[in-house]
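**Q** One structure, pasted below without further comment.
What follows draws every value from the coordinates through simple rules; no lab data is involved. What you are looking at is a predicted structure, and each value in this text was computed from that prediction instead of being measured. Reconstructed Cβ throughout: ideal geometry from the backbone, glycine too, with neighbour counts over all protein chains shown.
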Amino acid sequence: MVALVRVTISEIAPSRFIWLCRSVALLALMTLAGCGAGAERTQLAAPPNLVTLEGGVDYPSESVPSALRTVQSEILYVTDRNPVLSEAGQVVGYGAARSKQMAYGASLVDFGNLQSWEEIVALSSGDVPPDIVQLKAQRVQEIARFPATPLPYVSGGGRLQTTPEANAAYDASIRVMRRDLSQRLRETGLDRVTVYVHGFNNDFDEAVGTMANVWHFSGRQSLPVLYSWPAGNDGVLAYFRDSEAGEFSVFHFKEFMRVLASVPDLKRIDIIAHSRGTVVTTVALRELLLEARGSGQDVRKVLKTGTLILAAADLDVGVAQQRLVAERFGNAFEQINIYVNPNDGALALSSIIGAFDRVGGMNLDNLNDTDRKDIAESGNVSVIVVERGKRSLGHTYFRRNPAVMSDIILTLWTGAKAGSVARPLRNVSPNLYALPPDYPGDMSAVVDVLNAFADHS
């Protein structure tokens, strides 16, 4: 027979009580992070405010390269997830387990049951009532599989050196990836890439769907490349397993960025990172920044970096302050936009688990003078507070909220800075902005800028 024991809070040691609270919060985080998973994450998002507000613009179908005006679209990817194989040994997808090998490939995505480019344009312009359109990943095709890292090495001259055979195999994979990207850029007439790095608890197909959303609504003006790290682990400890998987993936992300930047036909790389993916991204970019500085190089020229967007960043506030202000991380980019939502429940729980506030959950009311000073002195870094509207924000608001999607589109289209005519965010204090649910509001000035930009392009 089992005896029932009643324990009051006062009888629990403080350290054990904190551990208990964090464990409960972790279980809640697992439930919350799972909300909206699966089908919803692979749906075509609602059209952005840019096209639905009175006086708004049409979906820019005429500026989409003819080669990309298709119902089926290819989303490029680089991943260090373990491949899922068919009975015949073919790669059919990717799981949550880690792989020591990077893979570069293309995922073919269907836009639901839509049959023509004209149907996609009409739906994207808000001309027809939005139906649920599932973004279906029909297949994956690996184009290059890199050798496992660390590469085989030998000891000589007091240091470790990778073998010539290993270097040759690795370089061969780089050439295949570089050649494929160059060919795609030439075929489309493009010279830029948009990289998306997903967050915690995302599987490969969900991440492909999000990349397809952002790329499509931003006018297909770049090659879309998903960087997918081994997230989506199971179990109560999934958050910690995903976090460690992100640390494992930092090396491969750096290699990925080096290969991208080495493509001669590529002139610009814009990066969008979400949730825990912001940690993978900023840690890797920081190391590349220090590497370039140490060798006396201009990191923006070396890495071809344009805009960095951090959405719902699961980043420790104190760590971010050190990187953005003390280390001048922002100098590596034309601009950095950080979207925050004080009502982000997932980040509130993440703060409890980690014992420190998260950047993506910052609340303006809690900012002290030092915090505001750090933001003001962060250079080309804009902190953008997303205000609550009719549509639920949640943790994935950057692709679901038509106001946020509109600002991301304006940034990628024009390169305009926050608070400019093209991006009329409300300035709260230096480098700190508010984004209302009806953003960008009066479309007349924005349309004029977009028209001028289109004519110039």
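**Q** Taking a virtual spin label 7 Å from the Cα of Asn82 along the C-beta vector, which residues in segment 125-166 bring their backbone nitrogen under 19 Å of it?
**A** 145-150
**Q** Among Ile338, Ile269, which comes first, second and so on when ranked by fewest other beta-carbon atoms within 10 Å?
**A** So the ranking, lowest neighbour count to highest, is Ile269, Ile338.
**Q** Then there's this: Provide the percentage of antiparallel DSSP beta bridges, counting only those with both residues in segment 14-456; round to the nearest 5.
**A** 45 percent
**Q** Among all helices in the chain defined by DSSP H, which have a length of 24 Å or more along the axis from Cα atoms plus a Kyte-Doolittle mean of at least -0.5?
**A** Passing helices, by number: 14-34, 238-261, 277-294.
**Q** Using a basic spin-label model with each label point 7 Å from the Cα along Cα→Cβ, how many nm lie between Ile174 and Arg426?
**A** 5.0 nm
**Q** At a Förster radius of 35 Å, what calculated FRET efficiency corresponds to the Cβ-Cβ distance of Leu160 and Leu108, to the nearest 0.05?
**A** Given R0 = 35 Å and the Cβ-Cβ separation, E is 0.30.
**Q** Sort Trp413, Trp215, Trp229 by Cβ crowding within 10 Å, fewest neighbours at the top.
**A** Ranked by crowding around the Cβ, least crowded first: Trp413, Trp215, Trp229.
**Q** What FRET efficiency comes out for the pair Lys373/Gln101, r = Cβ-Cβ distance, R0 = 35 Å, nearest 0.05?
**A** 0.15
**Q** While we're on this one: Subtract the Cα-Cα distance of Glu291 and Val319 from 0.36 nm times their separation in residues, and report this length gain in nm to one decimal.
**A** Length gained between Glu291 and Val319: 8.1 nm.
**Q** Separate question: Going by C-beta contacts inside 10 Å, put His252, His274 in order with the fewest on the left.
**A** His252, His274
**Q** Starting with the highest mean, order 202-214, 55-67 by the number of other Cβ atoms within 10 Å, averaged over the residues of each peptide.
**A** Result, highest mean first: 202-214, 55-67.
**Q** Pull out the extension gain between Asp365 and Ser262, defined as 0.36 nm times the separation in residues minus the alpha carbon to alpha carbon distance; nm, one decimal.
**A** Computed gain between Asp365 and Ser262 is 32.7 nm.
**Q** Then there's this: If you take the beta carbon distance between Asp234 and Ser444 as r and set R0 to 60 Å, what does 1/(1 + (r/R0)^6) give as a FRET efficiency, to the nearest 0.05?
**A** Efficiency for this residue pair is about 0.75.
**Q** Which order do the peptides 423-432, 367-376 take when ranked by the mean count of other beta-carbon atoms within 10 Å per residue, highest first?
**A** 423-432, 367-376
**Q** For the chain, what is the mean residue ellipticity at 222 nm derived from helices alone (per DSSP H run of n ≥ 4: -39500 (n - 2.57); sum divided by total residues; nearest 500 deg cm²/dmol)?
**A** Rounded to the nearest 500, the figure is -12000 deg cm²/dmol.
**Q** Same structure again: Taking 0.36 nm per residue of sequence separation and subtracting the Cα-Cα distance, how much length would be gained by fully extending the chain between Val71 and Glu327, in nm to one decimal?
**A** 87.7 nm
**Q** With Rg and Dmax of the Cα atoms in Å defined as stated, name the option among (i) 25.7, 88; (ii) 22.5, 81; (iii) 21.9, 72 computed from the structure displayed.
**A** (ii)
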